[in-house]
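Every number here is computed from the coordinates shown, using simple stated rules; none is lab data. Only a predicted model underlies this, so the values are computations on that prediction, with no experimental measurement involved. Cβ: placed from backbone, ideal geometry, glycine included. Neighbour counts: every protein chain shown.
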Amino acid sequence: MPTRPQIQEDNVLKSPFWPEKVRVISVKPIGKSQTKIEGVGLETHRFYNPILFEKDFKTIEILEERHFLFSANGESLFLYLEANRIRNAFQFDPLYAVNVSQIDPLPHQIEAVYDYIIQNPRIRFLLADDPGAGKTIMAGLLIKELKYRGLVERILIVAPGHLKDQWLREMKDKFQENFIFIDRNVMNAAWGQNVFNDRNMVIISMDFAKQEDVMFTLKDTTWNLCIVDEAHKMSAYKYGEKINKTQRYSLGELLSPITNYLLFLTATPHRGDPENFRLLLDLLEPGFFADTAMLSESIQKRDNPLFLRRLKEDLKDFEGAPIFPPRIVKTVKYFLSDDERKLYNTVTEYVEKHFNKALAKDNRNVAFALTILQRRLASSVRAIRKSLERRYSRLNELYEKGQLIQQKMEYDEDYIEDLEEKERWEKEEELLEKLSSAETLEELKDEIEKVGELVSLAKEVEKKEIETKLNRLKEVMDDERIRQTGAKLLIFTESRDTLDYLVEKLKAWGYSITSIHGGMDLDARIKSEDNFNNTQVQIMVSTEAGGEGINLQRRCWIMVNYDIPWNPNRLEQRMGRIHRYGQQHEVHIYNLITTDTIEGKIYNALFEKLSRIKEHLGSDRVFDVIGEAIIGKSLKDLIMDAIANPKTMDDLLKNFERILDEEAIMKVRETSLEALATKHIDLTRILGEQRKAKENKLVPEYVEEFFKRAAEALNIKKEERENGLWRIASVPFEIRNQPYEFKVKFGEVQREYLKVSFDKEKAFRTQAEFVAMGHPILEAVVNTILTRYIQSATDGAIFSDPERKRDGVIWFLEAEIKDGKNEIAGKRLFAIYQDRNNALSFVNPAILWDLKPEPEHSEYSEISLDKDTIMSFVISEGLENYKKELLQRRHRNAEIKKKYGIRSLESQILDSDGKISDYETRRIKDENIPEATIQNEVRKKEDLENKKQRLQREIEAEVHLYPTEPRILGAVRILPGKVRADMVSDEEIEQIGMKIALEYEREYKRTPEDVSSQNLGYDI
């Protein structure tokens, strides 16, 4: 039992008073019988300061004295030090998350995560790449990287409801990250508990999250990282001095302060409204841009730290080739038959009449219901017939019950637009079937009679089977020689009824068909996608449910839009199913558009304008900004305005022509944020980072070799299978028995693994489980090694150098740089070689792979071991340079924050001060200025001043970095190996070779550096 005087600074203690081994910082007597021991946990770095009585000392065991006897088992020490290196893999593998995830990343994805997002001390970032760039992949890389660095544990993903399955699937399949989805059912089952506090990795629908009770629950939570997909939906608009905030924007305001890191994802951040864009950025860093002028300045000078945007034509692969093949979009025009035109005109007259009546009464829900009917009319005769039948039947039921339903529904158009397709259909049908502009039962009866006439007319037209659009589809298929070549075809429609109609017709034509629609569950959609990609199925017919989250580019390059969605974003999303990375063919898109309907005329005029814009831009990045960019309003509003007032149609078309092409081009460039797009990606640097990972020996081959050696030591039964795969037959209980925190972070360790691979390509090819850093079995092995062999690190061991170049000691240390907020700014492992003359130099921490463990108690000559000298060397020669490296970027970020953030807040404070002075002056002149108005402005000014002070403190803290005391992990005594004489390298010949190589490189104007002493596996 140790006594109080025996416990000294730097001792490592083991006791029931701590949940882990603790290194002593100080021992302070308190009175005669109590002692305060201050220490830091070896695993968690948590601070402990218990006050103990004399009797408590019998539970304390002093584990180590800082004397290296070099008596430990060399293999045990190798495993311990290599486990430390794996636990800090991100230091040695600059692309750590890339190499432990089952993805094939592209240069722009690597650049976004490693050169932009993760470089921010406090991540507040908008990633705004074009559609198809793989923003979900980039988010997954960020999650993986931050989790392994120990920077995040609680992660919240907020996404549109229809994308939740895609997020769950991609995080699990590609990154082995298991999220859960929380909805109303999960919340209700929690019996009043805060369901978000019990889960660390959560996905939630944006429109569920914006509901009042859900926001109230979220307000009492905190997160390390929050990711918002389709973040542009969190919109706010400024009208004069008033800001109109949507519920989604209010959700963003709630999320911003409850998360440390915040990442927004969107492909359409701007929409032609700079103020709307500024307000979106305001959610990331409140007050960072006082006005749009300051925002424009940052875009022009390309020094905005809050966002990154790359356009699809600038995205290249590692060979420098464009990742998106050409895309040819053709408008296929057709005229309605006489019968179809009669049906169209009659239904449109009905819609016009009741739409205008609803608007006059400010009944926007009835008006919205009628827009749904008009869209069905544009889709197909089958779709309008079935919609009219359902409306006729439901209105009859209401009439018989004596009911009129005109009341406001509990959801708005934006809410419905963002629902999953099945729910959206249900809500749309509810609106379409129940709501009427009729104010009396007599009016309702008249409307029912009219709808009945429309049903009869639709049936007559359908019975004649003269649908012109279907014939144009057949012509497109013939032109593309679909039947002769077996080429696959993707057809999109908005309507489930139209989908059923097309499936019937295409099957009758003899084609093999599959389909995707919102009524299918995730498994059924995956099966349909797989059938299309991997079997002889030739045609897929899909509603908008297939417009997101499925990838069909491997086998399909021809697509037909059977109807055109009134939401242009959906058009771009549809095309993105086949026009994306991995497509090997020129993509052909056909839009079927009639020339003699209101919608058709508008689309034709728009597409002609867009065609001219495309010629100027050299790009077709225009479909998702059709309305806002060119005509300043949404397509839906444009079409319904024309339907409500047909007389304006000619004026509308003339307005299109009045908009100069140059003006439209400028608007498209503004809306697509071309000015802030980053065009150059440094491929050379990224390839260099990949090479660095190989040099540091953390590529799969070395991880696999470490696991094999660790398995031998830990009695894990394994057997090699064919194709280089492994079966882990039995995992001992000690390794499976991990704490709760481990299971939350990495998952459960299984008793056995039937088929695993340490190579991700091989794992993907053979359907094996991919084992890499972050996988439960590897992390459990690392944990067990670090616990079991800590004494080996304390004792040290002997290794020999087969090349006979070294005779000395190699020290292994871990050190951190912290900032003024006491947060870790950087962490490094160092290996320092001390030769027999006590000269010190840095070597690669992977050096043990090139050395050979010698038997315990081998003879060796003594070398002076001075821990303080080693510490001083690491701090002055290693950490000081590392600190400068970190400070360089931090100073740049700080200057940008001062330039825009501080300046913006000062500008707003000045404006507020001016308003207060103005109010006071007007009061002196006896003008009636309410006290509440003045006090509101005073509070606003105080809030701005507080924000400025907080930002100033944050900037100061981020640029004041300091090194913490390095921690010695272990040391090895290295001896010259016993090598046969014919294998000894000739140093003189080696130096001659080095000299020739260096001169050759200099001759070609390169700057070679001799790094032979660092043991990197290469000399220059």
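Summarising the label geometry, the points placed 7 Å from Cα in the beta-carbon direction at Ala321 and Glu701 lie 2.7 nm from one another. Show log10 I(q)/I(0) for region 338-464 at q = 0.20, 0.21 Å⁻¹, two decimals, from a solvent-free Debye sum over equal Cα scatterers. Values returned for q = 0.20, 0.21 Å⁻¹ are -1.18, -1.28. Label positions at Asp213 and Lys333, each projected 7 Å from the Cα along the C-beta direction, are separated by 5.5 nm. Since only Ile243, His354, Val22 are under comparison, the one whose Cα sits farthest along the positive direction of the charge dipole of the chain, derived from C-beta charges on Lys, Arg, Asp and Glu, is Val22.
Remark: the Lys925-Lys463 segment gains 158.4 nm on full extension, using 0.36 nm per residue and subtracting the alpha carbon distance. Alpha carbon centre of region 152-220 versus region 875-938: separation in Å? When both Cα centres are located, 35 Å separates them.
I'd like the FRET efficiency for Glu956 and Leu151, computed as 1/(1 + (r/R0)^6) with the beta carbon distance as r and R0 of 25 Å, rounded to 0.05. Rounded to the nearest 0.05, the efficiency is 0.70. Maximal additional length on extending the Asn197-Gln119 stretch stands at 25.2 nm, based on 0.36 nm per residue less the C-alpha distance.
Note on Asn396/Arg341: beta-carbon distance plugged into 1/(1 + (r/R0)^6) with R0 of 25 Å gives a FRET efficiency of 0.30. Rg and Dmax, both from the Cα atoms of region 101-309 and both in Å, are 16.7, 53. Treating r as the C-beta distance of Glu608 and Asp911 and R0 as 41 Å, the FRET efficiency rounds to 0.35. Remark: the Gln34-Arg736 segment gains 248.8 nm on full extension, using 0.36 nm per residue and subtracting the alpha carbon distance. Under the convention that each Lys and Arg Cβ holds +1 and each Asp and Glu Cβ holds -1, the size of the dipole of region 203-288 around its Cα centre is about 160 debye. Beyond 32 Å in Cα-Cα separation lie the following of the pairs Lys147/Lys488; Lys210/Lys818; Lys422/Lys488; Lys245/Lys883: Lys147/Lys488; Lys210/Lys818; Lys245/Lys883.
Dipole size of the chain about its Cα centre, with +1 on Lys/Arg Cβ and -1 on Asp/Glu Cβ: approximately 500 debye, rounded to the nearest 20.
Here percent of Cα pairs over 58 Å apart was calculated from the structure, and among (i) 55; (ii) 30; (iii) 24 it sits at label (iii). Placing unit charges on the Cβ atoms of the charged side chains and taking the dipole of the chain about its Cα centre, the candidate lying farthest along the positive direction among Ile526, Leu840, Ile564 is Ile526.
Specify whether the C-alpha gyration tensor of region 267-344 places it in the rounded, prolate or oblate class, a ≥ b ≥ c being the square roots of the eigenvalues: rounded for a/c under 1.5, otherwise prolate if a/b is larger than b/c and oblate if not. In terms of gyration-tensor shape, oblate.
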